[in-house]
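Read through the structure below, which is laid out as structure tokens, and then see the notes.
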Amino acid sequence: MKKIAVITGGSRGIGAATARLAAQDGYDVCIAYLSDADAAERVAADCRKAGVKAIAVRADVGAAADVEALFAECDRALGPVTLLVNNAGTVVRASTVAELPDDVLRRTFEVNIFGPFYCARAAIKRMARKTGGAGGAIVNVSSTAATLGSPGEYVHYAASKGALDTFTIGLAKEVGGDGIRVNAVQAGTTDTGLHARVGVPERPAMVARTAPLGRVGRPEDIAEAILWLGSDKAAYTTGAVLRVGGGL
């Protein structure tokens, strides 16, 4: 079966590392990005160097119409998806709950929860055996924040990732009979630049001092777990939430 991966948030960080690793594993890759077209195209070019097809498609995963267009373009250029990686996520900004603006809360859930629902819905239509599909895998990129709570900084983000874990478990039970496996990776603090973008650049160094392994994660650490869960090596694994957090 031809292997085709749709990776949201694929222009940088964990998504970019996952796209490159997927290409090395023989996947044709559809990279979804929100704003940085140049970065997305650079990742796509890296994928093509592995001898596979790769495209970059602009899509706001928090908008249902954008998601439908994303999967339609993947169908047209590559074929129907066999691996969906719901990686796109946002914190918007650090905030206590008491000071959290409505628009930050809304956007966090649009991207981190509505997006995976929209993308999974589109993927299931193409993967499900009952609609003529050949099965497939969905991997949701969650966070250790889902169980740590991230008080004083990211409770809104942590809550959205907790919902993503529940979504993973429920969806796995719902679509297993259609040949679709659904799992999640709870990523620990990873060196992606996210914390600097939301105003807490010191957070990775702080986490590294307390982590049992003595460092923050690299995007490649998380990508390896994602690709394993998406592969036939994990053929009997579904509904799992795999913690990849350096011991925290």
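Restricting segment 67-96 to residues that are over 16 Å from residue 11 (Cα atoms) and part of a strand (DSSP E or B), the residue that is farthest from the chain's Cα centre (by Cα) is 95. Which one is modelled with the lowest pLDDT, of the residues in segment 189-218 that are within 15 Å of residue 142 (Cβ to Cβ) and not in a loop (DSSP other than H, G, I, E, B)? Of everything passing the filter in segment 189-218, 194 is modelled with the lowest pLDDT.
For (1) in a strand (DSSP E or B); (2) farther than 22 Å from residue 137 by Cα, each residue gets a yes or a no:
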| site | (1), (2) |
| --- | --- |
| 7 | yes, no |
| 15 | no, no |
| 19 | no, no |
| 26 | no, no |
| 45 | no, yes |
| 52 | no, no |
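Residues in segment 206-226 that are farther than 22 Å from residue 18 by Cα and crowded, with 20+ Cβ neighbours inside 10 Å: 207 only. Would you call residue 52 farther than 20 Å from residue 146 by Cβ, surrounded by 19 or more Cβ atoms within 10 Å (Cβ to Cβ) and under 19 Å from the mean Cα position of the chain (by Cα)? When the stated conditions are applied, residue 52 does not pass them.
Report whether or not residue 105 is under 30 Å from residue 2 (Cα atoms) and in a helix (DSSP H, G or I).
On the way: under 30 Å from residue 2 (Cα atoms): no; in a helix (DSSP H, G or I): yes.
No.
Restricting attention to segment 201-248, the residues that are out of contact with any helix residue (DSSP H, G or I) (no Cβ under 7 Å at 6 or more places or on another chain) and on the phi > 0 side of the Ramachandran plot add up to 2. Sort out which residues of segment 143-182 are under 25 Å from residue 107 (Cβ atoms), in contact with a helix residue (DSSP H, G or I) (Cβ under 9 Å, 6 or more places away or on another chain) and small (Gly, Ala, Ser), and write them in order of number. Scanning segment 143-182 gives 143, 145, 146, 149, 150, 158, 159, 160, 162, 163. Assess whether residue 176 counts as being part of a helix (DSSP H, G or I), out of contact with any Gly (no Cβ under 6 Å at 6 or more places or on another chain) and either on the phi > 0 side of the Ramachandran plot or surrounded by fewer than 21 Cβ atoms within 10 Å (Cβ to Cβ) (or both). It is true that residue 176 is part of a helix (DSSP H, G or I), out of contact with any Gly (no Cβ under 6 Å at 6 or more places or on another chain) and either on the phi > 0 side of the Ramachandran plot or surrounded by fewer than 21 Cβ atoms within 10 Å (Cβ to Cβ) (or both).
So residue 139 passes all but one of these: (1) in contact with a Gly (Cβ under 8 Å, 6 or more places away or on another chain); (2) more than 30 Å from residue 100 (Cβ to Cβ); (3) modelled with pLDDT of 95 or more. Which condition number does it fail? For residue 139, the exception is condition (2).
Residues that are out of contact with any Lys or Arg (no Cβ under 7 Å at 6 or more places or on another chain), more than 12 Å from residue 32 (Cα to Cα) and surrounded by fewer than 20 Cβ atoms within 10 Å (Cβ to Cβ) within segment 69-92 comprise 72, 75, 76, 77, listed in sequence order. Every condition in (1) over 13 Å from the mean Cα position of the chain (by Cα); (2) under 21 Å from residue 165 (Cβ atoms); (3) in a helix (DSSP H, G or I); (4) of a type outside the set (Ser, Thr, Tyr) holds for residue 120 except the one numbered (1). Take the conditions basic (Lys, Arg) and modelled with pLDDT under 95 and apply them to residue 126. Does it pass? In short, no.
The values are calculated or read from the model by the stated rules, or taken from the named source; none is laboratory data. Bear in mind that the values here come from a model prediction, so they are computed numbers and not experimental data. Note: ideal-geometry Cβ built from the backbone for every residue, glycine included; neighbour counts use all protein chains shown.
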